[in-house]
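Visitor: My structure is below; once you've seen it, I'll send some questions.
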Amino acid sequence: MLLQFLFVMAAIIVGARLGGIGLGVMGGIGLGILTFIFGLQPTSPPIDVMLMIVAVIAAAGCMQAAGGLDLMVRQAEKLLRRHPSRVTLLSPLVTYTFTFLAGTGHVAYSVLPVIAEVARETKIRPERPLSIAVIASQQAITASPISAATVALLSMLAGYEISLLHILMISIPATLCGVLVGALFAMRMGKDLELDPEYRRRLAEGELQTDTATETSRTHLHPWKPLASVIIFLTATLFIVLFGSFDSWRMIGGEQLGMAPIIEILMLSAAALILLVTRTGGIKAAQGSVFGAGMQAVVAIFGIAWMGDTFINGNIDALRASIEGVVTSMPWLFGIALFTMSILLYSQAATVRALMPLGLALGIQPMMLIALFPAVNGYFFIPNYPTVVAAINFDRTGTTRIGKYVLNHSFMMPGLIATFVAVALGIVLVNVFF
C-alpha cells in the first residue's frame, strides 16, 4: 500500500507543477499504474459530478459572455468607491458574494484591480483588502450551492439523508464568520501605506506618478442584456437551492429525483435562456475565462478523483485498520488531511472527491464532514495560485508580496485564520443543531 501511495502522491505533485489540465491527466497515469502494475480494479469515474460542473460552468460562461459579470463588477466598484475607508471590510464581502453567486473564485479577477486602486487612493495599505479578498473568494467556494466542491460533496452524501440545505446551513455562516475575522486581522497587517519602505521607494522613483484609477471594462451590449443574464442565472441558482432543500419538490412520477439531474437540467436551461434572450453567441461563452477555468476543474476531477477512488477502494481494509481509531476519536485530524491535500491539488472539488470517500469509509459522521468542509481551502498556502498572483501584480505599491522565505506571504495569516475559524465554528454549529 505504501508504494501505491507514493505513486499517487507523485502523480499529484507532478500534475500540480504542470498546472492547467496537468493535474487531471497525471491522475490518468497514476490510475494506469494502480491498475496495470498493482492490479487494482478501477472504480467508476465520477460522471455525475463532472456533468453537474459542466452544466454550471456553461451557465456561468453564458452569463459572462452576455455581460452579466461586468454588470456585477460595476456595482461592486460603486460600493467600494462610496465607502473607501471601509475597503478592507467590504472587499472580502464583494469577492465572497461574487464567488457565492457564480460558483467559481475566478470571478474575483475583475474586481481585484478596483480594490487595489481604491485602497491606494484612500492611503490604505492595499495588502490589507487584497489579501482577505482573495481568501474570501476561496472560502465562498465551500458555501456556494453551485460550486464544483459543494456539488461533489452533496453527491457523496446523498445516501445519508443530507440535503443541500444541511450543507449551506453550516458552511455559509461558518465561512462568512471566518472571512470577517480574517478581515479584522488584515486591517492591522503591516505598516501604514505611507510608512512602507517599498511604497516610498516606488513613489520616490516616480513609478506611481502616472498611475490612474483602474476602470472596469464596459460592455457595449444593450443595458438590459447583462441584467437579464444575471436574473436568469440567479433564478436557476435559487431553484437549485429550493429543490435541494425540500424533498417533496423532487418527487417526479412517484419517485424522488436526485440532485444531479436537477442541477444539470436547470443550469443547462439557464445557459440556453441566456443565449436566446440576450442573443449572445455560444462560441463567445466558450471563450471566456470562467468556462476555461471550469473545464480545467472538470479534467482535474476526472483524473485525480478516479485515481483517488481506485486507491482508496483497493486499500480500504488496510486504511481502516491503521487510522480508523484515531480519526474516529479525533475527527478534526481529518480536517488537517483535507487542508494538506488541498495544498497539493489546488482544487477544493478535487480534494473533496479524493478524500471525502475515505472519511465516510472511516466512519466519520456526514455532518462532521460538512463542518470540516472549509478545510479544503488550503491552496493559498503556497503563493502560486492564479488569484494570489493576480492580487500581487495588481498592487502597484508593492505591499502585497511574497516574503523572503516564500511562505511568509501576504495571504498566509488571513487564510489560516479564516479557515481555522470556519472549521471551528462549523464543528460548533453541527454539535449545537444536529
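The values are calculated or read from the model by the stated rules, or taken from the named source; none is laboratory data. Treat the numbers as computed from the prediction; the structure is a model and nothing was measured. Cβ sites come from the backbone with ideal geometry, for glycine too, and all protein chains shown count toward neighbours.
Residue by residue, here is whether (1) surrounded by fewer than 17 Cβ atoms within 10 Å (Cβ to Cβ); (2) part of a loop (DSSP other than H, G, I, E, B); (3) not aliphatic (A, V, I, L, M) holds:
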site: Gln4; (1), (2), (3): no, no, yes
site: Val8; (1), (2), (3): no, no, no
site: Arg17; (1), (2), (3): yes, no, yes
site: Gly27; (1), (2), (3): no, no, yes
site: Thr35; (1), (2), (3): yes, no, yes
site: Gln41; (1), (2), (3): yes, yes, yes
site: Val49; (1), (2), (3): no, no, no
site: Val56; (1), (2), (3): no, no, no
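Visitor: Still on this structure, I have one more. On the given criteria, is Met412 of a type outside the set (Ser, Thr, Tyr), closer than 22 Å to Arg17 by Cβ and surrounded by fewer than 23 Cβ atoms within 10 Å (Cβ to Cβ)?
Guide: Values: of a type outside the set (Ser, Thr, Tyr): yes; closer than 22 Å to Arg17 by Cβ: yes; surrounded by fewer than 23 Cβ atoms within 10 Å (Cβ to Cβ): yes.
When the stated conditions are applied, Met412 passes them.
Residues are listed down the side, and each one gets a yes or a no for (1) at pLDDT below 75; (2) under 16 Å from the mean Cα position of the chain (by Cα); (3) polar (S, T, N, Q); (4) buried (at least 24 other Cβ atoms within 10 Å of the Cβ):
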| site | (1), (2), (3), (4) |
| --- | --- |
| Gly292 | no, yes, no, no |
| Val298 | no, yes, no, no |
| Ala305 | yes, no, no, yes |
| Ile343 | no, yes, no, no |
| Ala349 | no, yes, no, yes |
| Pro357 | no, no, no, no |
| Leu360 | no, no, no, no |
| Gly363 | no, no, no, no |
| Pro366 | no, no, no, no |
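Visitor: Inside the stretch 107-146, can you point out the residues that are under 22 Å from Ala271 (Cβ atoms) and surrounded by fewer than 24 Cβ atoms within 10 Å (Cβ to Cβ)?
Guide: The answer is Tyr109, Ser110.
Visitor: A further question follows. Take the residues in the stretch 244-264 that are without any contact (Cβ under 8 Å) to a residue 40 or more places away in the chain and assigned to a helix (DSSP H, G or I); name whichever of them is nearest to Thr99 (Cα to Cα).
Guide: Ile262
Visitor: Could you tell me whether any residue of the stretch 19-33 is free of Cβ contacts under 8 Å to residues at least 12 places away in the same chain and more than 25 Å from Ile146 (Cβ to Cβ)?
Guide: yes
Visitor: Sticking with this one: If we scan the stretch 370-378, do we find a residue that is buried (at least 24 other Cβ atoms within 10 Å of the Cβ), more than 17 Å from Gly182 (Cβ to Cβ) and either hydroxyl-bearing (Ser, Thr, Tyr) or touching a Phe, Trp or Tyr at 6+ places or on another chain (Cβ under 7 Å) (or both)?
Guide: Within the stretch 370-378 (the criterion being buried (at least 24 other Cβ atoms within 10 Å of the Cβ), more than 17 Å from Gly182 (Cβ to Cβ) and either hydroxyl-bearing (Ser, Thr, Tyr) or touching a Phe, Trp or Tyr at 6+ places or on another chain (Cβ under 7 Å) (or both)), the answer is yes, since at least one residue qualifies.
Visitor: Quick check: anything in the stretch 293-309 free of Cβ contacts under 8 Å to residues at least 60 places away in the same chain and part of a helix (DSSP H, G or I)? Lay out the reasoning, then the answer.
Guide: Quick first cut of the stretch 293-309, residues free of Cβ contacts under 8 Å to residues at least 60 places away in the same chain only: none.
No, that holds for no residue.
Visitor: List pairs: first residue in the stretch 71-100 and over 20 Å from Ser229 (Cα atoms), second residue basic (Lys, Arg) anywhere in the structure, Cβ distance under 6 angstrom, at least six positions apart or on different chains.
Guide: Thr88/Arg128
Residue by residue, here is whether (1) part of a helix (DSSP H, G or I); (2) touching a helix residue (DSSP H, G or I) at 6+ places or on another chain (Cβ under 9 Å); (3) of a type in the set (Gly, Ala, Ser) holds:
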| residue | (1), (2), (3) |
| --- | --- |
| Ser44 | no, yes, yes |
| Met72 | yes, yes, no |
| Leu90 | yes, yes, no |
| Phe98 | yes, yes, no |
| Leu101 | yes, yes, no |
| Tyr109 | yes, yes, no |
| Ala119 | yes, yes, yes |
| Val134 | yes, yes, no |
| Ile141 | yes, yes, no |
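Visitor: Follow-up question, since we're still on this one. How many residues are closer than 15 Å to Ala102 by Cα and surrounded by fewer than 23 Cβ atoms within 10 Å (Cβ to Cβ) when one looks only at the stretch 147-171?
Guide: Of all residues in the stretch 147-171, those closer than 15 Å to Ala102 by Cα come to 147-151.
Among the residues that remain, those that are also surrounded by fewer than 23 Cβ atoms within 10 Å (Cβ to Cβ) are: none.
The total comes to 0.
Rundown of residues vs (1) free of Cβ contacts under 8 Å to residues at least 24 places away in the same chain; (2) closer than 30 Å to Arg202 by Cβ; (3) among the polar types (S, T, N, Q), yes/no style:
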{"position": "Thr399", "(1), (2), (3)": "no, yes, yes"}
{"position": "Ala418", "(1), (2), (3)": "no, yes, no"}
{"position": "Val423", "(1), (2), (3)": "no, no, no"}
{"position": "Leu429", "(1), (2), (3)": "no, no, no"}
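Visitor: Go through (1) modelled with pLDDT of 75 or more; (2) among the charged types (D, E, K, R); (3) at negative phi one by one and return the number of the condition Arg279 breaks.
Guide: Going through (1) modelled with pLDDT of 75 or more; (2) among the charged types (D, E, K, R); (3) at negative phi one by one, Arg279 breaks only (3).
Visitor: When the residues of the stretch 378-434 are filtered to those that are touching a Leu at 6+ places or on another chain (Cβ under 7 Å) and among the hydrophobic types (A, V, I, L, M, F, W, C), which remaining residue is farthest from Pro331 (Cα to Cα)?
Guide: This residue is Phe394.
Visitor: OK, next. What are the residues in the stretch 220-242 that are among the aromatic types (Phe, Trp, Tyr) and in contact (Cβ under 8 Å) with a residue 40 or more places away in the chain, if any?
Guide: Pass one, the stretch 220-242, residues among the aromatic types (Phe, Trp, Tyr): 224, 233, 239.
Hit for the stretch 220-242 is Phe233, nothing else.
Visitor: Something else about it: So Ala286 fits all but one of (1) of a type in the set (Gly, Ala, Ser); (2) surrounded by fewer than 18 Cβ atoms within 10 Å (Cβ to Cβ); (3) within 24 Å of the chain's Cα centre (by Cα); (4) closer than 17 Å to Pro226 by Cβ; what number is the exception?
Guide: (4)
Visitor: With the structure loaded, tell me whether Gln64 is in contact with a Ser or Thr (Cβ under 9 Å, 6 or more places away or on another chain), of a type outside the set (Lys, Arg), crowded, with 19+ Cβ neighbours inside 10 Å and modelled with pLDDT of 85 or more or whether it fails that test.
Guide: Values: in contact with a Ser or Thr (Cβ under 9 Å, 6 or more places away or on another chain): yes; of a type outside the set (Lys, Arg): yes; crowded, with 19+ Cβ neighbours inside 10 Å: yes; modelled with pLDDT of 85 or more: yes.
Yes: the conditions hold for Gln64.
Visitor: On the basis of being under 18 Å from the mean Cα position of the chain (by Cα) and under 24 Å from Leu80 (Cβ atoms), does Ile124 make the cut?
Guide: Numbers: under 18 Å from the mean Cα position of the chain (by Cα): no; under 24 Å from Leu80 (Cβ atoms): yes.
Criteria not met by Ile124.
Visitor: Inspect the stretch 182-204 for any residue being more than 30 Å from Ile57 (Cβ to Cβ), among the hydrophobic types (A, V, I, L, M, F, W, C), modelled with pLDDT of 90 or more and assigned to a loop (DSSP other than H, G, I, E, B) and give the result as yes or no.
Guide: Within the stretch 182-204 (the criterion being more than 30 Å from Ile57 (Cβ to Cβ), among the hydrophobic types (A, V, I, L, M, F, W, C), modelled with pLDDT of 90 or more and assigned to a loop (DSSP other than H, G, I, E, B)), the answer is yes, since at least one residue qualifies.
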